[in-house]
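Visitor: Questions regarding the structure given below will be posed in turn.
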Amino acid sequence: MYHDKLEAFPEDFLWGAASAAYQIEGAFDADGKGPSIWDEFTKIPGKTFEGTNGDVAIDHYNRYKEDIRLMSEMGLKAYRFSVSWSRILPDGEGKVNKEGLDFYENLVDELIAYNIEPVLTLYHWDLPLALQEKYKGWESREVIQAFKQYCQVLYGRLGKKVTYWVTFNEQNVFTSMGYRWASHPPNATDTKRLFEANHIINLANAEAIKLFRKMVPKGKIGPSFGYGPVYPLSASPDDVLASENATDFNNSWWLDVYCKGKYPTFTFKQLERKGIAPTIESGDLELLKQAKPDFLGINYYHGGTVAQNKIESKSIESLNDKNFSATDPYLMQPKEEQSQSPEVPMFQSSENPYLNKTEWGWEIDPVGFRVALREVYARYDLPLFVTENGLGAKDMVTDEGTIEDDYRIDYLNQHIMEMKKAVTDGVELIGYCAWSFTDLLSWLNGYKKRYGFVYVDRTEQDEKEMRRIPKKSYHWYKELIADNGENI
Ligand code: BG6
């Protein structure tokens with residue numbers, strides 16, 4: 001599809017930036033907060049880069065006013081953040097922690113005072129540890145009730161102030177990393193447990209949306225999904241079929257449930273044949289059907305390329321002792337000989353000869369962003385909200401004290417250009433949140449993998465003063481917002 005002239009972004013387009021509680025807040029045990037599964041997991045030797053954790057992070061809990069002032073000086077229209085469940089309910093359920101709730105209400109009030117639209121994520125991976133210990137976390141349906149209570153408290157307190165709500169952040173990523181590759185809590189390598197837990201999370205997502213309809217009738221709610229388009233390695237029909245399988249397995253497996261209330265047939269059948277399909281109880285499918293979101297949040301970093309799987313199906317156990325690469329979460333595939341879907345040989349991951357990679361081996365694929373937006377919009381017919389997109393890089397402070405991150409500007413510029421083409425194609429878009437506003441803790445890569453518009457002066461080992469320094473990209477994004485992406 002070609003266009004003579006690209007169309008403008010909608011007048012009220014939400015230019016934003018995003019973050020997550022564990023990656024920025026710190027204050028891990030302040031003011032009555034209970035521990036989360038990440039507070040525990042990061043303390044297991046060897047799990048994170050140089051043993052980094054979010055105990056202090058970038059101290060946003062104490063510096064949120066300074067951070068929001070920087071957002072306002074930039075002209076940011078929206079800020080996506082997540083709430084730490086165990087700040088609100090230290091035991092995950094039961095007694096509410098007033099100070100935790102006050103913190104988020106103050107944060108929201110501060111954003112609103114500066115005319116910045118708050119976009120609130122309910123779950124960005126930090127399940128209260130008490131629920132993991134008491135119920136085995138998402139493997140138990142008890143946790144759905146706890147999640148409902150948590151949602152109820154937040155809807156009640158913030159439902160009149162916050163319009164945009166995100167239920168789960170990247171369910172595909174945290175379930176795969178947590179239950180299949182043991183690189184997130186609960187540190188498991190068991191696909192049966194993965195699909196069982198994932199189904200329970202689907203039910204929790206549906207309950208949260210149902211309750212939202214009652215309590216926040218004017219609000220908008222949807223999940224944020226880590227979407228990666230899948231390319232066939234060649235035009236061979238076998239490779240094309242493999243790419244359809246991979247799309248089904250890696251994307252539709254979640255998006256169909258969110259939007260159509262049912263699992264995709266082919267993948268479900270494959271999992272059933274292997275004895276690892278989730279247990280569906282009576283009433284589950286009816287519930288899933290009642291919870292269509294208002295929008296789909298899309299997190300886009302990269303997609304993947306696949307070929308026909310020529311490797312014989314191996315058991316998950318035989319694959320587990322190999323090295324895992326955390327850089328390819330969307331295809332949920334480890335490297336080389338493991339690069340297949342281990343329990344169901346539906347496809348095999350391949351290198352894409354046309355794409356460059358970041359320092360961390362993530363493919364850079366702006367056109368894939370347009371492909372992603374179009375695919376999702378065509379399939380599900382819902383407005384889209386880009387809730388994450390950005391470049392992780394090792395930024396350096398110059399002798400003059402500036403950060404000249406032209407590579408980040410270049411990356412964002414190319415992606416926003418493709419997004420503008422998608423808008424011109426006809427994709428309905430609410431907004432775009434770059435990842436991230438400030439530098440923050442990368443779950444597994446410490447502090448040197450930086451994403452922010454604002455540099456935070458700290459390293460893995462030295463917290464220093466955590467001074468905030470706007471980077472060159474901060475000023476670039478400020479101009480872009482000011483002219484609504486007109487001159488991109
Ligand atoms: C997304 C997550 O998967 O990717 C973020 O929602 C995360 O929380 C981001 O930080 C970048 O990942 P990483 O591993 O580079 O920090």
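Visitor: Residues of the stretch 152-167 being assigned to a helix (DSSP H, G or I) and under 19 Å from the mean Cα position of the chain (by Cα), which ones?
Guide: If the condition is that a residue be assigned to a helix (DSSP H, G or I) and under 19 Å from the mean Cα position of the chain (by Cα), then no residue fits.
Visitor: Continuing with the same structure: State yes or no: is TYR114 of a type in the set (Phe, Trp, Tyr) and either surrounded by fewer than 19 Cβ atoms within 10 Å (Cβ to Cβ) or more than 22 Å from ASP39 (Cβ to Cβ) (or both)?
Guide: Here the answer is yes, as TYR114 does meet what is asked.
Visitor: Report the residue count in the stretch 428-467 for those that are within 15 Å of the ligand (Cβ to nearest atom) and under 17 Å from GLU66 (Cα atoms).
Guide: 8
Visitor: Tally up the residues in the stretch 378-409 that are under 22 Å from TYR79 (Cα atoms) and within 23 Å of the chain's Cα centre (by Cα), please.
Guide: Residues flagged as under 22 Å from TYR79 (Cα atoms) and within 23 Å of the chain's Cα centre (by Cα) within the stretch 378-409 amount to 14.
Visitor: Let me ask something else. Restricting to the stretch 147-184, name every residue that is within 14 Å of the ligand (Cβ to nearest atom) and over 15 Å from SER84 (Cα atoms).
Guide: Residues satisfying the conditions are GLU170, GLN171, ASN172, VAL173, PHE174, THR175, SER176, MET177, GLY178, TRP181, SER183, HIS184.
Visitor: Output the residues belonging to the stretch 382-409 that are touching a residue at least 24 places away in the same chain (Cβ under 8 Å), over 18 Å from GLY303 (Cα atoms) and away from the ligand (no atom under 16 Å from the Cβ).
Guide: Once the filter is applied, which keeps residues that are touching a residue at least 24 places away in the same chain (Cβ under 8 Å), over 18 Å from GLY303 (Cα atoms) and away from the ligand (no atom under 16 Å from the Cβ), the stretch 382-409 yields LEU382, PRO383, VAL397, GLY401, THR402, ILE403, GLU404, ASP406, ILE409.
Visitor: Quick one: which of THR327, THR265, THR279 is within 24 Å of the chain's Cα centre (by Cα) and either within 16 Å of the ligand (Cβ to nearest atom) or modelled with pLDDT of 95 or more (or both)?
Guide: Going through THR327, THR265, THR279 in turn, just one is within 24 Å of the chain's Cα centre (by Cα) and either within 16 Å of the ligand (Cβ to nearest atom) or modelled with pLDDT of 95 or more (or both): THR327.
Visitor: With the condition kept exactly as written, say whether any residue in the stretch 189-207 is over 25 Å from GLN145 (Cβ atoms), in contact (Cβ under 8 Å) with a residue 24 or more places away in the chain and either touching a Cys at 6+ places or on another chain (Cβ under 8 Å) or hydroxyl-bearing (Ser, Thr, Tyr) (or both).
Guide: So far as the stretch 189-207 goes, yes, one or more of its residues are over 25 Å from GLN145 (Cβ atoms), in contact (Cβ under 8 Å) with a residue 24 or more places away in the chain and either touching a Cys at 6+ places or on another chain (Cβ under 8 Å) or hydroxyl-bearing (Ser, Thr, Tyr) (or both).
Visitor: When only residues in the stretch 431-451 that are closer than 13 Å to LYS394 by Cβ and among the small types (Gly, Ala, Ser) count, which is surrounded by the most Cβ atoms within 10 Å (Cβ to Cβ)?
Guide: Among residues in the stretch 431-451 that are closer than 13 Å to LYS394 by Cβ and among the small types (Gly, Ala, Ser), the one surrounded by the most Cβ atoms within 10 Å (Cβ to Cβ) is SER442.
Visitor: Would you say VAL143 is away from the ligand (no atom under 16 Å from the Cβ) and surrounded by fewer than 22 Cβ atoms within 10 Å (Cβ to Cβ)?
Guide: Answer is no for this residue.
Visitor: Turning to a different aspect of this structure: Could you say whether any residue in the stretch 355-368 is away from the ligand (no atom under 15 Å from the Cβ), under 24 Å from LEU296 (Cβ atoms) and touching a residue at least 60 places away in the same chain (Cβ under 8 Å)?
Guide: Yes: one or more hits.
Visitor: Do we have ALA30 as within 12 Å of ARG87 (Cα to Cα), among the small types (Gly, Ala, Ser) and either buried (at least 23 other Cβ atoms within 10 Å of the Cβ) or away from the ligand (no atom under 13 Å from the Cβ) (or both) here?
Guide: When the stated conditions are applied, ALA30 passes them.
The values are calculated or read from the model by the stated rules, or taken from the named source; none is laboratory data. Quick caveat: nothing in here was measured; it's all calculated off a predicted structure. All Cβ positions, glycine included, derive from the backbone under ideal geometry; neighbour counts span all protein chains shown.
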